[in-house]
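Structure first, commentary second.
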Amino acid sequence: MTIKMFNIGKVINTHGIRGEVKVLRISDFEDRFQKGNTVYLVKENGEQLKLVIDGHRIHKGYDLLHFEGYNNLNDVENFKGFHLKISEDQLSKLEENEYYYHEIIGCDVFTTDDRRLGEVKEILSPGANDVWVVKQPKGKDILIPYIEEVVKDVHIDDRKIVIEPMEGLLD
């Protein structure tokens, strides 16, 4: 059985000479990089390297991580460009009306009058609320703000989202 893995960040560089790596976070859970947590570095060939975080700090908007047993620059130099992932059983429990990106991406989006608009292809996090990017069968992408006034129903099991477009949203 294959274990599902989920991206939580990407190693974009090394930092200093003591084995820290600079990570672009792809998770909005603050506790994801806590000391003692396990993450997996996934290489291009699919090989997974289990890493235990023993140091974390924020520097210039990036997460700097240090892993047990990787104490100098040469140990982590080859981590650059690879994703850090967690397994499905490491996912945090969510509150009602909260969803993981992987649950939303790929869902079909319909209006309240049952008109199919397209499929969610990515999620942007520009500020106060997420924005779901919907790829239409024809035409340009639609940007759907994830707010109560617009998103009316999310059916993860059916891969279906129902929205009430606000004025100007579909123009």
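Values quoted throughout were computed directly from the atomic coordinates according to the rules given, and no laboratory measurement underlies them. What you are looking at is a predicted structure, and each value in this text was computed from that prediction instead of being measured. All Cβ positions, even for glycine, are placed from backbone atoms using ideal geometry, and neighbour counts span all protein chains on display.
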- request: Please indicate, with yes or no, whether at least one residue in region 52-65 is under 20 Å from residue 39 (Cα atoms) and assigned to a helix (DSSP H, G or I).
  value: no
query: Assuming residue 137 fulfils every condition listed in (1) over 17 Å from the mean Cα position of the chain (by Cα); (2) touching a residue at least 60 places away in the same chain (Cβ under 8 Å); (3) in a loop (DSSP other than H, G, I, E, B) apart from one, which condition is it?
result: (2)
task: Determine, yes or no, whether residue 52 is within 19 Å of residue 7 (Cβ to Cβ), surrounded by 15 or more Cβ atoms within 10 Å (Cβ to Cβ) and not small (Gly, Ala, Ser).
output: no
query: Could you list, in sequence order, the residues of region 119-163 that are among the β-branched types (Val, Ile, Thr) and over 11 Å from residue 109 (Cα atoms)?
result: 123, 131, 147, 150, 156
The listed residue being hydrophobic (A, V, I, L, M, F, W, C), farther than 30 Å from residue 136 by Cα, buried (at least 16 other Cβ atoms within 10 Å of the Cβ) and free of Cβ contacts under 8 Å to residues at least 60 places away in the same chain, out of 64, 73: 64
message: Conditions first: (1) outside any strand (DSSP E or B); (2) aliphatic (A, V, I, L, M); (3) under 17 Å from residue 162 (Cβ atoms). Residue 128 passes all but one, so which condition is the exception?
response: (3)
Which listed residue, of 96, 44, is over 30 Å from residue 157 (Cα atoms), out of contact with any strand residue (DSSP E or B) (no Cβ under 8 Å at 6 or more places or on another chain) and assigned to a loop (DSSP other than H, G, I, E, B): 44
